[in-house]
Amino acid sequence: MKMNIKEIQIEFTPIIDQRTKQAEIELVLARFDRIHPIVSGNKLFKLHFFVEELLKTPKKYLVTSGGAYSNHLSASAYYCKMYGIRCFGVVRGEASNSTSHTLNFCRELGMEIIFCSRTDFRDLNEHAAATLLNLSESDLLYVPSGGFHPLGATGARIMFDLIQPNAPTHIVMAMGTGTTMAGFSLANENEIELIGVSALKGMNDWNDRFNYLSSNDNHKKPIIWDDFHCGGYAKYNGALIENMNELYINHAIETDFVYTGKMMSAVFHQIEQGYFKAGSKVICIHTGGLQGNKGLDSDLLRF
């Protein structure tokens, strides 16, 4: 069933415990993970305008890229199946005998998977993708990994519009490419403090990324918390797993270890450090991606 992203209803889950009571703040989780069983979180929004553009042109194919456990790839595969679009997924690294559950799922949905070297992956663009796939460049639309493109940010700003009526003082989200945050930054006209929790280690080009993704320089830059990545992208430690299990046991909230789990761990740490003033209303964005947890040992998580 095709979806109108501007009419999606978002659930909001309050998180009340001793920490929020002592800090005298309101902590709420915006459940973008619940908008769709497959294309959940921010993925639907970042893909929307790419698909809309493709459907208005004679282009025949959507080509995108990601890692072997990419939420973006699985969402792209589903979205393309929903709209009857032939799609290709370029995967970083060499093919192995045991492919990931994510790539198997993408294949089941009809996505054609092609592996490429890490060097070629870094240089992917529409022209390089057409050459790799032996397709005419005029026939395909290339979606960069994670929707990292102004069109992706344009879709993400609709997420901001859906939660703004709840009058937050702060909005916190995990960041990978920065595309979703750029969309929020563009839409933020009410001096809401935007905070991004980096899921990657050593990212020092956020300003360049936001300038590329945004159509103007008037947007307010977000605050970046870059000490909660657990060593790098898709890295984790015992403290993160413990925090994720605690959140589930106490509040029945499932998170993933790549993005939202790290973001919530960061938020609770900062609450304990007194970051948020009394009276603050903090809305955290659950960006979905729970399928990524299937890459963990089965006995780590309690959900």
The alpha-carbon center of the range 224-261 and that of the range 1-45 are separated, in whole Å, by 17
Arrange the peptides 201-213, 101-113 so that the one whose residues have, on average, the most other Cβ atoms within 10 Å appears first. 101-113, 201-213
Compute, for the range 99-156, the length of the dipole vector about the Cα centre, with Cβ point charges of +1 (Lys, Arg) and -1 (Asp, Glu) only. Units Debye, rounded to 20. 220
Helix 260-272 sits off the longest principal axis of the Cα atoms of the chain, rounded to the nearest 10 on a 0 to 90 degree scale, by 20
Ignoring ligands, DNA and RNA, what percent of the 1.4 Å accessible area of the chain is carbon and sulfur? 45
Report the rotationally averaged projected area of the range 94-151 based on its alpha-carbon convex hull, in square nanometres. 4.9
Residues of the range 134-188: accessible area per residue at 1.4 Å, in Å²? 28
Free-standing Cys residues across the chain, given no other cysteine C-beta under 4.7 angstrom: 106, 116, 230, 284
DSSP beta bridges in the chain: the antiparallel percent, rounded to 5, is 10
Straight-line reach from residue 235: which lysines fall under 27 Å, measuring Cα to Cα and dropping same-chain residues less than 8 apart? 43, 46, 201, 221, 262, 294
With Cα atoms, 0 to 90° folded angle of helix 71-83 axis to the chain main axis: 60
Would you calculate, for the chain, the mean residue ellipticity at 222 nm contributed by helices, counting each DSSP H stretch of 4 or more residues as -39,500 (n - 2.57) and dividing by all residues, to the nearest 500? -11000 deg cm²/dmol
Amide H neighbours of residue 36 at under 5 Å, excluding residues fewer than 5 places away on the same chain, with H built from the backbone geometry, are 41
Rounded accessible area per residue of the range 1-95, 1.4 Å, Å²: 46
Quick check for me: using +1 on Lys/Arg Cβ and -1 on Asp/Glu Cβ, what's the dipole size of the range 84-189 about its Cα centre, in debye to the nearest 20? 220
Under a straight-distance cross-link criterion of Cα-Cα below 20 Å, which aspartates and glutamates are reachable from residue 6, leaving out those fewer than 8 residues away in the same chain? 33, 52, 53, 161, 189
Kirkwood hydrodynamic radius, the chain, all distinct C-alpha pairs: what's the number in Å? 19.7
Which Cα, out of 204, 136, 93, lies furthest along the positive dipole direction of the chain (beta carbon charges, K/R +1, D/E -1)? 136
Mean accessible surface per residue for the range 232-303, computed with a 1.4 Å probe while every protein chain stays in place, in Å²: 46
For the range 40-93, listing trypsin sites (Lys or Arg not before Pro) in a DSSP loop whose Cβ sees at most 12 other Cβ atoms within 10 Å gives 56
Sorting check: for 143-149, 32-38, which peptide has the highest mean count of neighbouring beta carbons within 10 Å, and how do the rest follow? 143-149, 32-38
Nearest 10 degrees is fine. How inclined is helix 43-55 to the longest principal axis of the chain, computing both from alpha carbons? 30
Among 215, 168, 243, pick out the residue whose Cα is farthest towards the positive end of the charge dipole of the range 115-259, where Lys and Arg carry +1 and Asp and Glu carry -1 on C-beta, about the Cα centre. 243
Toy charge model, Lys and Arg Cβ at +1, Asp and Glu Cβ at -1: the range 176-219 dipole around Cα centroid in debye, rounded to 20, equals 260
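The values are calculated or read from the model by the stated rules, or taken from the named source; none is laboratory data. It should be emphasised that the depicted structure is a prediction, and the values quoted were computed from it without experimental measurement. Note that each Cβ is placed from the backbone with ideal geometry, even for glycine, and that neighbours are counted across all protein chains shown. Heavy atoms of the whole protein, side chains included, go into the accessibility calculation; ligands, DNA and RNA do not. Shrake-Rupley method; radii C 1.70, N 1.55, O 1.52, S 1.80 Å.
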